[in-house]
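As structure tokens, the structure follows; a few thoughts come after it.
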Amino acid sequence: MGYRYPFLDLYKVNNMYIGRIKEAAERVICSGRYVGGHEVEAMERALAVACGVPDAYVVGVSSGLDALRLALRSYMHLGRLAPGDEVIVPANTYIATVLAVTDCGLVPVMVEPDVLTMNIDTSLIEGAVTPRTRAVMPVHLYGRVVWDGMLMDTVRRHNLLVIEDNAQAIGATAPVAGFNGSHISGTLGHAGAFSFYPTKNVGAMGEAGAVLTFDTQLAETLRAMRNYGQSRQYHNELQGYNCRLDPLQAAIVALKLPELEFENSSRRAIAGVYDCMIDNPYVSKPIYDGTGISVWHQYVVRVKDRDRFRDYMAGNGVETAVHYPVPPHKQACYPDMNILEFPVAENIARECVSLPVSRCTTLSDAEDISMIINKYRHG
């Protein structure tokens, strides 16, 4: 069905870039270089600049999942991780976070989210640490950074690695600085994984990702690992992968990165309308305490009878989505985890509903959607 208020229209989102995207595509096609090369290097530099850390190393890769996976694999090669080591992850996240861990033969240890922020509850991380714990993978879910003094203290005392899953929060900031002095998501820990999937705040027109780090050795290992483990052509020092970023996607991401603040401020404005106007006891808005800056990749409310609410919204021309209906430990691909219980994460999974928040939604649309929500009645 057609919606008066669609959840996401990628053509509308990309329309302001169409001319430059066509120019970039023609440039890549005419270059004759279709894997790696200058376009990828330019995107890597642009991402470091966009994150306010031009001195950082950025390695473009094929997707956000591969960014996480290659970061972990590279740390294994460097001797910081080994098969069977534990990695603390949130119980409320997209499954890619956990897939990256298990793909490397590592053990995911899940921690409940904070019911208000829906991010990992940093006060519970200490209790999840065991003698086998070697890393923490915080996920800046829905565009909100999870980073505080408690997390940093736990990591430092136990000498843990921090690999940020920054797939949803490019440009967001934390209330306290990370290990490298920056407040910007993806630059806070030892490595940050980025996704440029088309639906992201900065999206390619296909799959794309990157890893950001301040560690020269890790960056060199990542560059080899993404390209069959080669240090130079036909000389394979590592058992690597084909996870290279293609230049067309790199060129598109690079031209969008300077518009990062424009993209994020648009989402903040829409979220601001929802924050001010939604007033319905049956609909719980995301709680934001004003610390740090969210980039609102998703605006997620919680409703007891989600299906009924979504039917009501659809009947009033509003398309919604669910991020995510099944937590990782209840997925069929992890039968051994299905017996685990994380009631907070499971309750969020039952109740969460994502409202339109991309740039194809206007402020007027957000006002209309808010008034529609305020008329909703449960039961």
Residue under question is Ser195, and the condition is that it be surrounded by fewer than 20 Cβ atoms within 10 Å (Cβ to Cβ) and either within 17 Å of Asp66 (Cα to Cα) or at pLDDT 95 or above (or both); does it hold?
no
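Condition check ((1) over 17 Å from the mean Cα position of the chain (by Cα); (2) in contact (Cβ under 8 Å) with a residue 24 or more places away in the chain) across all residues:
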{"position": "Gly192", "(1), (2)": "no, yes"}
{"position": "Phe196", "(1), (2)": "no, yes"}
{"position": "Ala204", "(1), (2)": "no, yes"}
{"position": "Ala208", "(1), (2)": "no, yes"}
{"position": "Thr213", "(1), (2)": "no, yes"}
{"position": "Ala224", "(1), (2)": "yes, no"}
{"position": "Arg232", "(1), (2)": "yes, no"}
{"position": "Ile252", "(1), (2)": "yes, yes"}
{"position": "Arg267", "(1), (2)": "no, yes"}
Kindly list the number of the only condition in (1) closer than 26 Å to Arg134 by Cβ; (2) in a loop (DSSP other than H, G, I, E, B) that fails for Thr221.
(2)
Hey, among the residues in region 112-138 that are under 15 Å from Val155 (Cα atoms) and β-branched (Val, Ile, Thr), which one's surrounded by the fewest Cβ atoms within 10 Å (Cβ to Cβ)?
Thr130
Being acidic (Asp, Glu) and under 20 Å from Gly149 (Cα atoms) is the filter here, so list the residues in region 86-130 that pass it.
Glu112, Asp114, Asp121, Glu126
Where residues in region 248-279 are surrounded by 17 or more Cβ atoms within 10 Å (Cβ to Cβ) and polar (S, T, N, Q), which of them is farthest from Gly209 (Cα to Cα)?
Ser266
Consider Gly84 against the criteria (1) under 27 Å from Tyr288 (Cα atoms); (2) touching a strand residue (DSSP E or B) at 6+ places or on another chain (Cβ under 9 Å); (3) touching a residue at least 24 places away in the same chain (Cβ under 8 Å): it satisfies all of them except one. Which criterion is unmet?
(1)
Kindly establish whether Asn180 is within 30 Å of Glu26 (Cβ to Cβ) and not hydrophobic (A, V, I, L, M, F, W, C).
no
Taking Ala42 and the conditions (1) within 29 Å of Gly229 (Cα to Cα); (2) part of a loop (DSSP other than H, G, I, E, B); (3) of a type in the set (Gly, Ala, Ser), which numbered condition does it fall short on, given that it satisfies the others?
(2)
Can you pull out the residues in region 224-269 that are assigned to a strand (DSSP E or B) and farther than 30 Å from Ser294 by Cα?
Asn227, Gln230, Ser231, Arg232, His235, Asn236, Asn242
The residue that is nearest to Val176 (Cα to Cα), considering only those in region 280-293 that are surrounded by 17 or more Cβ atoms within 10 Å (Cβ to Cβ) and within 19 Å of the chain's Cα centre (by Cα), is Gly292
Quick one: is Val28 β-branched (Val, Ile, Thr) and in contact with a strand residue (DSSP E or B) (Cβ under 7 Å, 6 or more places away or on another chain)?
no
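The values are calculated or read from the model by the stated rules, or taken from the named source; none is laboratory data. Small disclaimer: the values here were computed from a predicted structure and weren't measured. Backbone-built Cβ (ideal geometry, glycine too); neighbour counts: all protein chains shown.
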